[in-house]
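Asker: The following block contains the structure, expressed as structure tokens.
The values are calculated or read from the model by the stated rules, or taken from the named source; none is laboratory data. All figures in this text were calculated on a predicted structure; none of them were measured in a lab. Reconstructed Cβ throughout: ideal geometry from the backbone, glycine too, with neighbour counts over all protein chains shown.
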């Protein structure tokens, strides 16, 4: 027997809670957001909030996980070996996906809990790379491959984070071009 689908009202309530939370997160730190503010803005009871979430951080976790799932779907379309060979396609699609939800990602990267989201992103990149049998079977040492993939994943996640939090944003296409050079030429790409 399959699990029951959530009622429309339940889905609507969760959506309203998340939207209200994001509006508040745009104006204040998460530690300053009160459940009462969310429920009043969403026009819901506190009981409705607690039906779906334990606390404010559970709302943030749900939003983070939804966005990580979206990025995972995109990563599944790009096996690791194709990213290593030519990261441009993946990075530009990633940028387009993020750009479609720029307000949410900006809040996630600029909130006082951005490190948590960044860690999740790095872990997902690393796990995605470690699932690619084409690459794993070509490596001499699985442990060395894991270190390399972690290095790439952390660099990719931080590149995105830095782009979001930087005052002087370079066009993302320029960053992708530099990233390609780093992947192809290593550190020598930055020297004259």
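Asker: Collect the residues in region 95-105 that are out of contact with any helix residue (DSSP H, G or I) (no Cβ under 6 Å at 6 or more places or on another chain) and closer than 16 Å to residue 66 by Cβ, keeping them in residue-number order.
Answerer: Hits for region 95-105 are 100, 101, 102, 103, 104.
Asker: Among what's in region 73-91 and is surrounded by fewer than 14 Cβ atoms within 10 Å (Cβ to Cβ) and modelled with pLDDT of 85 or more, pick the residue that is nearest to residue 150 (Cα to Cα).
Answerer: Among those residues, the one meeting the criterion is 76.
Asker: Given the structure, is residue 48 modelled with pLDDT under 95, under 30 Å from residue 186 (Cα atoms) and in a helix (DSSP H, G or I)?
Answerer: No: the conditions fail for residue 48.
Asker: Related question: With respect to residue 149, is the statement that it is outside the structural domain of residue 28 (by TED's automatic domain parsing), touching a residue at least 60 places away in the same chain (Cβ under 8 Å) and farther than 28 Å from residue 57 by Cβ true?
Answerer: Answer is yes for this residue.
Asker: Quick check on region 128-163: of everything there that is surrounded by fewer than 16 Cβ atoms within 10 Å (Cβ to Cβ) and touching a helix residue (DSSP H, G or I) at 6+ places or on another chain (Cβ under 6 Å), which residue is farthest from residue 107 (Cα to Cα)?
Answerer: Of everything passing the filter in region 128-163, 139 is farthest from residue 107 (Cα to Cα).
Asker: Further question on the same structure: Pairs please, first residue from region 99-119 and assigned by TED's automatic domain parsing to the domain that holds residue 24 and surrounded by fewer than 18 Cβ atoms within 10 Å (Cβ to Cβ), second anywhere and modelled with pLDDT of 90 or more and not in a helix (DSSP H, G or I), Cβ atoms under 8 Å, 6+ apart in sequence or on different chains.
Answerer: Between residues of region 99-119 that are assigned by TED's automatic domain parsing to the domain that holds residue 24 and surrounded by fewer than 18 Cβ atoms within 10 Å (Cβ to Cβ) and residues that are modelled with pLDDT of 90 or more and not in a helix (DSSP H, G or I), there is no close pair.
Asker: Return only the number of the condition from (1) in a loop (DSSP other than H, G, I, E, B); (2) outside the structural domain of residue 129 (by TED's automatic domain parsing); (3) under 21 Å from residue 161 (Cα atoms) that residue 22 does not satisfy.
Answerer: It is condition (1) that residue 22 fails.
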